[in-house]
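The values are calculated or read from the model by the stated rules, or taken from the named source; none is laboratory data. Please read these numbers as outputs of a predicted model, since none were measured by experiment. Note that we place each Cβ from the backbone using ideal geometry, even for glycine, and neighbour counts take in every protein chain shown.
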Amino acid sequence: MKLDLTSLSLFVTVAEERNIARAAARRNIAASAVSKRMLELELAFSTPLLIRQSKGVALTPAGEALAHHARSLIDLTGRVEAEMSAFASGLRGQVRLSANPSAIVQFLPGLLARFFEAYPDIEIVMMEHTTLRSLRLLEEGLADLAIVGWGAEHPDMNYAPFRTDDLALVVPKGHPLAGRSEGVAFNDALVFPFVGLEEGSSLQARLEDAAYQSGHQMRPRLRMASFEGIRRMVEAGIGIAVLPISTVEPYSATMGICAVPLTDTWAKRELRLVSKDLAGLSVPVMLLRNWLLKPVAAA
């Protein structure tokens, strides 16, 4: 069945006015033409949509359902037309992307550089937040996409695998664990003081849960909001930490720190790309989402 947007739009007007004559006057079209369109819709769907009454019309259950879906379809069509018009006139589309520090440091610079080469008219508002904050921004409509680590599943959101990263201990050079190239179990590191990430970090919550499961309580001596801050504090000897290994190794030659692999199975972490209802995403948002979800070799 081929849906006619004009007929669907007229049906929505009839549903709002509950009167074919008033709907026709509102749309500046003959009442007979509106009535003919309504009959054609009923024939197309093989079910009554309107109950004709002496002073107007009422919707059947099928008519109520059609009005609901027609409004959504018309709204989506309008947004697509507006965005395509913006591209045609040289205006910028915009995407609000919230991501955790791990994704920003490790993966996004190269991905976004190539995205801008392909889509120079799309602007990205980049926000660095913890997993909990990113999910809250999505819920509140203040972000379009989010890249998160561990965290609670939200049933009304769409999750897709983004990348994986390997976690490692960050220790000062000369530390008792520094020479353990074969790796260290997280439990064996809990006897040392830690520098942790801020409240709301999914990584920090996972570490504290792992400590609890092994009968320990992890109380960081100091909490930092950034990987850079943690590296500096570890270098100063305040404590050790857990970070993605790729955010430590590049600094081992210039800083007094080194990375020690963790042998725990959970130390390979999956980052995920999250969005709300896929059908409601704008064209620029969908373009960026598809770009970020390309296989690693293609990206």
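Structure data summary
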read-out: Residues of region 285-299 satisfying the condition of being loosely packed, with under 12 Cβ neighbours inside 10 Å and touching a residue at least 12 places away in the same chain (Cβ under 8 Å); value: VAL296
read-out: Residue count for region 212-230, restricted to those that are over 12 Å from PHE194 (Cα atoms) and out of contact with any Pro (no Cβ under 6 Å at 6 or more places or on another chain); value: 9
read-out: Residue in region 76-94 that is modelled with pLDDT under 95, under 30 Å from THR130 (Cβ atoms) and buried (at least 17 other Cβ atoms within 10 Å of the Cβ) present; value: yes
read-out: All positions within region 257-284 that are among the hydroxyl-bearing types (Ser, Thr, Tyr) and either assigned by TED's automatic domain parsing to the domain that holds SER202 or free of Cβ contacts under 8 Å to residues at least 24 places away in the same chain (or both); value: THR263, THR265
read-out: Some residue of region 245-268 being under 30 Å from PRO176 (Cβ atoms), basic (Lys, Arg) and crowded, with 16+ Cβ neighbours inside 10 Å; value: no
read-out: Unique match (being touching a strand residue (DSSP E or B) at 6+ places or on another chain (Cβ under 7 Å), loosely packed, with under 14 Cβ neighbours inside 10 Å and either more than 24 Å from PRO109 (Cβ to Cβ) or not acidic (Asp, Glu) (or both)) among GLY179, GLY237, GLY215; value: GLY237
read-out: Residue within region 156-170 that is in contact with a Gly (Cβ under 7 Å, 6 or more places away or on another chain), surrounded by 13 or more Cβ atoms within 10 Å (Cβ to Cβ), assigned by TED's automatic domain parsing to the domain that holds THR263 and at pLDDT 85 or above present; value: no
read-out: Any chance VAL184 is touching a Cys at 6+ places or on another chain (Cβ under 7 Å), of a type in the set (A, V, I, L, M, F, W, C), surrounded by 13 or more Cβ atoms within 10 Å (Cβ to Cβ) and outside the structural domain of LEU281 (by TED's automatic domain parsing); value: no
read-out: Condition met for PRO61 (loosely packed, with under 13 Cβ neighbours inside 10 Å and at pLDDT 90 or above); value: yes
read-out: For LEU203: the one exception among (1) modelled with pLDDT under 90; (2) closer than 26 Å to THR263 by Cβ; (3) out of contact with any Ser or Thr (no Cβ under 8 Å at 6 or more places or on another chain); value: (3)
read-out: Selected residue [out of contact with any Ser or Thr (no Cβ under 9 Å at 6 or more places or on another chain), over 30 Å from ARG231 (Cα atoms) and modelled with pLDDT under 95] from LEU73, LEU49, LEU5; value: LEU73
read-out: Helices (runs of 4 or more DSSP H) enclosed by region 1-76 - at least 3 residues per element that are under 37 Å from the mean Cα position of the chain (by Cα) and closer than 30 Å to PRO284 by Cα; value: 5-17
